[in-house]
Structures are given as C-alpha cells and as structure tokens.
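Down below is the structure, laid out as structure tokens.
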Amino acid sequence: MTTSPQRIHPSPFFYEVWAGLMKAQGKAVPAWAVAKRFNAQTLRMMSAGSLNGEKAHRVRHAMIQEVGEEIFSQLHEMRLRKAGMLG
C-alpha cells in the first residue's frame, strides 16, 4: 500500500532520503533539478519545508514520484524513526 505524498511531510531528512534514492537508481540530482528548472539549494529548501507553498508541494510530489512513492515512504519513515522524530 502506498502513502499519499500529502501525508509525507517535509523534514530535514526528506532531501537526504530522496537524494540517496536518486543515487541508488543511478540518477543525477543536478540533472533532475536542471530539467525541472531548480537548483539543488531550492530543492533542499522545498524538501525541508522552508518553502512550503503550492509550488513546493508539487515539487515534493514530483520528487517522490521520480524515485518511487512506496520505497520513498518506507525509507523516509525509517529515517525519521532513527532520528527519534517518530515513536
């Protein structure tokens, strides 16, 4: 069962998990960012929630879809638990 991207909240670990999954899949984060007309710093801000408007929601959704919603959700939750952010 997959988790809705709206249920995955931005966090300091969102970008970390996403970039790791991109690398694991042999995809380049800078190339993806350029294709989406963003720089890596903007993606980091959007994934952490520093930028949290409708555009940031769409970009986070696209980031999740790029790597796979199910695996992203599982690893993001695992990372949050390891950091003590989830019970």
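The values are calculated or read from the model by the stated rules, or taken from the named source; none is laboratory data. Because the structure is predicted, anything quoted here is derived from the model rather than measured. Positions of Cβ are generated from backbone atoms using ideal geometry, with glycine treated the same way; all protein chains shown enter the neighbour counts. Heavy atoms of the whole protein, side chains included, go into the accessibility calculation; ligands, DNA and RNA do not. Shrake-Rupley method; radii C 1.70, N 1.55, O 1.52, S 1.80 Å.
Taking Lys36 as the anchor, which aspartates and glutamates have their alpha carbon closer than 17 Å to its alpha carbon, excluding any fewer than eight residues away along the same chain?
Straight-line reach from Lys36, under 17 Å: Glu54, Glu66.
Using the Kirkwood radius built from alpha carbon pairs, what does the Stokes-Einstein equation give as D for the range 29-71 at 20 °C and 1.002 mPa s, in µm² per second?
205 µm²/s
Assign unit charges at the C-beta atoms only (+1 for Lys and Arg, -1 for Asp and Glu), then state the dipole size of the chain relative to its Cα centre in Debye, rounded to the nearest 20.
I would put it at about 200 debye.
Per residue of the range 27-36, what does 6.51 cos²θ - 1.76 cosθ + 1.60 with θ = phi - 60° give for ³J(HN,Hα)? Whole Hz please, x for Gly and Pro, Karplus curve as stated.
Calculated HN-Hα couplings, in order: 9, 9, 4, x, 5, 5, 4, 4, 4, 8 Hz.
Over the chain, give the accessible area per residue in Å² for a 1.4 Å probe, as an integer.
With the other protein chains kept in place, the chain gives 62 Å² per residue.
Have a look at the chain and give its Rg and Dmax from the Cα atoms, expressed in angstrom.
12.1, 37
With all protein chains present, how much of the accessible area of the chain (probe radius 1.4 Å) comes from carbon and sulfur, to the nearest whole percent?
55 percent
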